[in-house]
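The structure under discussion appears below in the form of structure tokens.
The values are calculated or read from the model by the stated rules, or taken from the named source; none is laboratory data. Remember, it's a predicted structure, so these values are computed and weren't measured experimentally. Reconstructed Cβ throughout: ideal geometry from the backbone, glycine too, with neighbour counts over all protein chains shown. Only protein heavy atoms, including side chains, enter the accessible area calculation; ligands, DNA and RNA are left aside. Shrake-Rupley method; radii C 1.70, N 1.55, O 1.52, S 1.80 Å.
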Amino acid sequence: DLRKVVKEALAAGTLRVKEEAEKTKADIKIKTYLRSVSPVEGDPEEIRQVVSHLVTNALDAMPAGGYLFLSTEENAGYAQIYVQDSGAGISPEIRDRVLDPFYTTKGPEKPGLGLSLCQAILRRHHGEMEISSKKNEGTTVTVKLPLAKTEGLDKKEPPRRRSIKNARILIIEEDPLIGEL
């Protein structure tokens, strides 16, 4: 149950947000849109670990505050988790290295294994991770996990939905930051 796993990972992240906000006075707002998706096969603890790492990275990218969005959806045989922040983004110079083991921009106290560990876990689950980022505008990480096989069940395949890349979306928002995201 991907929704349950994401909620549990977010609960731990929310506790961290409150602790950080008390120290730094940063205003971080968390928004979720967790749709029900078909079951995925895999170790819930490992998938929870992936989401926790992504939430932690998003929070680290917003030391002065911002928005963190988490959503889930199902599309073309995959369950997808989106983790989007309004933080510092990833500069083009380091974008190709963020998945390298031991690469970090956070100083010597962080080993730089988070994203490479996430990628390894997702590969074991036959999933993938896509990172989209713009410097000073934020980052979106998309986690794709294949849906569990329903062998032996007389069930029709769900209709395929258009990819978000081919979709047209009109957003009307008073806050320019939210509109831009």
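Out of T32, T56, one residue alone is β-branched (V, I, T), outside any helix (DSSP H, G or I) and surrounded by fewer than 20 Cβ atoms within 10 Å (Cβ to Cβ). It is T32. Does region 40-47 include one or more residues that are among the hydrophobic types (A, V, I, L, M, F, W, C), at pLDDT 85 or above and open to solvent by less than 30 Å² (accessible area, probe 1.4 Å)? Scanning region 40-47 turns up at least one residue that is among the hydrophobic types (A, V, I, L, M, F, W, C), at pLDDT 85 or above and open to solvent by less than 30 Å² (accessible area, probe 1.4 Å). Kindly evaluate V83 against the criterion of being at pLDDT 75 or above and open to solvent by less than 20 Å² (accessible area, probe 1.4 Å). Spelling it out, V83 is indeed at pLDDT 75 or above and open to solvent by less than 20 Å² (accessible area, probe 1.4 Å).
Yes or no: region 147-165 includes at least one residue that is surrounded by fewer than 16 Cβ atoms within 10 Å (Cβ to Cβ) and modelled with pLDDT of 75 or more. Yes, region 147-165 contains a residue that is surrounded by fewer than 16 Cβ atoms within 10 Å (Cβ to Cβ) and modelled with pLDDT of 75 or more.
Considered as a group, the residues in region 59-72 that are out of contact with any Ser or Thr (no Cβ under 6 Å at 6 or more places or on another chain), in a strand (DSSP E or B) and over 17 Å from L122 (Cβ atoms) include one that is least open to solvent (accessible area, probe 1.4 Å), and that residue is L68. Among the numbered conditions (1) surrounded by fewer than 13 Cβ atoms within 10 Å (Cβ to Cβ); (2) of a type outside the set (V, I, T); (3) at pLDDT 90 or above, the only one that E93 does not meet is (3).
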